[in-house]
Amino acid sequence: MATDAPRRGAAIGWYVLLSALSLIVLFPVWMTIARALSDGSATLFARTPSVLPYSPIQWDAFSRAFTEGGLGRPLLVSGLVTLIIVAAQTATAVGAAYAFAFLEFPFKRIVMVLCAATLLLPIEVTLIANIQTLQEVGLVSPSQGFGEAIGALTLPFLAQAFGIFLIRQGFLGIPKDLRDAAQLDGYSDLGFLRRVAVPVTRPVIGSFVLIAFLSAYNQYVWPRFSVKTNRWDTVQLALRRFGLDNPDQLNLGFAAAIIAALPVLVLLLVFQKQLIRGLTAGAVK
Amino acid sequence: MGKRRNVRQWALAYALLLPSLVVFAVFAYLPLYRLVHFSLYQQSSRLGGGERYVGFGAVWDVLSGERFLQGTWITIKFLIFTVPAGIALGVLLAMAAHRRLKGIKIFQTIFSSTVASSVAVSSVVFLTLVNEQIGLLRNVSWLSLKSPNSALFAAALSSVWQNLGLTFVIVLAALQTVPEELLEAAHLDGYGAVRRFFRVVVPLISPALFFLAIVLVVYGFQAYAQIELITGGGPLRSTETLLYRITKLQKNTDLQVGASMSLGLFGLTFLVALVQFRLLERRVTYGN
């Protein structure tokens, strides 16, 4: 009984601290919501900045981001590009990981090193050369059509080394007994891959899918220079459209930022465990 | 028999690897080769006007020139602003949220939530705080976008916030691997909270902190949207990081400089990965 009071006091102290930290972390989000709800001119000409929305409050900012801000189209482009990248990366990574984990073939070491070395060549380093190449083959140009834009946005990301090695690690964790049993049952290599290896490593593959989604949907630099007309803007690029020079639509930009973050936020809430496993892969054994 | 099986396995292996190898060849190794080529040849301003060999001397001129060195220094400052603060805040949040309390999951979800925010989104989010016309904190001098001394700091702050979710998640996962008996034993040995943290916890989670440092440095080198959306490179080019400068050098006549600077950026990334590894390797305690 006597020890209960200080323990409860400590718990309350932790709650206070945790709540204060939560407020600090969430404060920028609150400010964005407040500015999305504020009339643009009121925001622009407010004498003293306020943490509250300026009146008249504009509840329709989020719908106007679609009707006036044209956010629907970039969302579709982002959705399609993300879908293609995630599907392709998962397929290519599973295949390559299988070869590295279970098959013996000439030059295996060299091929593995060449794959791993691409981790040192992020798209930012090779940016101007890659843009140059895609310009020469006609995928990047001011007159790029739908197919060309989607191609330019996805082609460099159809395969990626991180996924290969993450999934290979998962494959290597499959017990040898399971492999031997499958072999005795007459499974071919592809049969083993499809019926045993992939189902058994589903958690790892699932984590990778989430990570791939996150990085494909959130990327900015590559789309910024591979899309030359705002017709094919991704959501992230569309955020540039809302500037300070147009007070009428100032708040739409902040609404758009919230909308752009929503799909990932939903994923984070639904698949929290898997996503965290993916994010911490490599950091914690 | 065995030989045929071997050949079939080779064929299958390369068939499975082919898509990845094609992508890496076209979008990683070809551009690396082209960067070297572009850096050694000055392209003509006329379309299809050919190119002129300028050699390694020209590459050296770029890499020892003001444009590259300034960009590098600004990038390093960006790292100084984002990496240590990112790690420290991640540790702070994780230490606070790593405990048995009712409803702790809610706090953990809140702390990890900035994972959902992209660089572009968090840049727009921070406009509400630091923009020189509408930002809540526009009159705070050390965050002012009007001054070359503080603009980069304001842009860096948005990155620190954006990375909070990731740093928190990684440090928390590491803390959860620290055995409680060890902390209790340290407690019984008379270690206070501070000493327990630095002598027991930090050594055990140092591999995760090491990983985090690398990730944050890599992110720092790739910073672009923060600069474009928050500062536009200004004032007086004071926030033009290396990558930001490189992206401005895509015209034919600029390619030689742009490619040389890209190779410089590649070298820096490489160097930092190497130095960091060497330096931290000694201090990092790898458990079995």
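The values are calculated or read from the model by the stated rules, or taken from the named source; none is laboratory data. As the structure is a prediction and not an experimental result, all values here were calculated from the model. Every residue, glycine as well, gets a Cβ built from its backbone with ideal geometry; the counts of neighbours run over all protein chains shown. Only protein heavy atoms, including side chains, enter the accessible area calculation; ligands, DNA and RNA are left aside. Shrake-Rupley method; radii C 1.70, N 1.55, O 1.52, S 1.80 Å.
Things to note:
- Rounded tilt (10° steps) of A:250-270 against the dominant C-alpha axis of chain A: 40
- Pairs of Lys residues in chain A that lie 8 or more places apart, or on two chains, and have C-alpha atoms under 27 angstrom apart add up to 4.
- Against chain A, whose longest principal axis is taken from its Cα atoms, helix A:108-117 shows a tilt of about 10°.
- For A:Leu178, B:Leu17, the ranking by accessible surface with the largest value first comes to A:Leu178, B:Leu17, using a 1.4 Å probe.
- Protein accessible area in region A:136-285, 1.4 Å probe - carbon and sulfur %: 59
- The solvent-accessible area of B:Ser44, taken with every protein chain present and a 1.4 Å probe, is close to 30 Å².
- Accessible-area value, B:Val23, 1.4 Å probe, nucleic acids and ligands omitted, Å²: 20
- Taking every C-alpha pair closer than 8 Å and separated by at least 6 residues, the mean separation divided by the residue count of chain B gives a relative contact order of 26 percent.
- Surface calculation, 1.4 Å probe, protein heavy atoms: B:Ser117 sits at approximately 10 Å² accessible.
- Most to least accessible of A:Phe171, A:Phe62 (protein chains only, probe 1.4 Å): A:Phe62, A:Phe171
- Accessible surface comparison of B:His187, B:His37, probe 1.4 Å, protein chains only, largest first: the order is B:His187, B:His37.
- List of region A:76-109 residues, accessible area with partners at least 20 Å² below that of the chain alone (1.4 Å probe): A:Thr92, A:Gly95, A:Ala96, A:Ala99, A:Leu103, A:Glu104, A:Phe105, A:Pro106
- Based on Cα contacts under 8 Å between residues 6+ apart, region B:15-117 shows a relative contact order of 11 percent.
- Take region B:59-167 with all the other protein chains still there, run a 1.4 Å probe, and you get 40 Å² of accessible area per residue.
- Carbon/sulfur fraction of accessible area - region A:4-59, other protein chains in place, 1.4 Å, %: 72
- Candidate membrane-span-like segments in chain B, meaning DSSP H helices with Cα atoms spread over at least 30 Å of their own axis and a Kyte-Doolittle mean of 0.0 or above, are B:2-24, B:66-97, B:151-175, B:255-283, with no membrane implied.
- Chain B contacts chain A over a buried accessible area of about 7700 Å², both sides summed; the probe is 1.4 Å and only protein chains count.
- Farthest toward positive dipole pole in the protein assembly as shown [+1 Lys/Arg, -1 Asp/Glu at C-beta], among B:Ile170, B:Ser39, A:Ala197: A:Ala197
- Against chain A, whose longest principal axis is taken from its Cα atoms, helix A:72-102 shows a tilt of about 30°.
- Sequence-separation-based contact order of region A:113-260, relative, with Cα cut under 8 Å and 6+ spacing, percent: 27
- Over the protein assembly as shown, DSSP H runs of length four or greater, each weighted -39,500 (n - 2.57), average out per residue to a 222 nm ellipticity of -21500 deg cm²/dmol.
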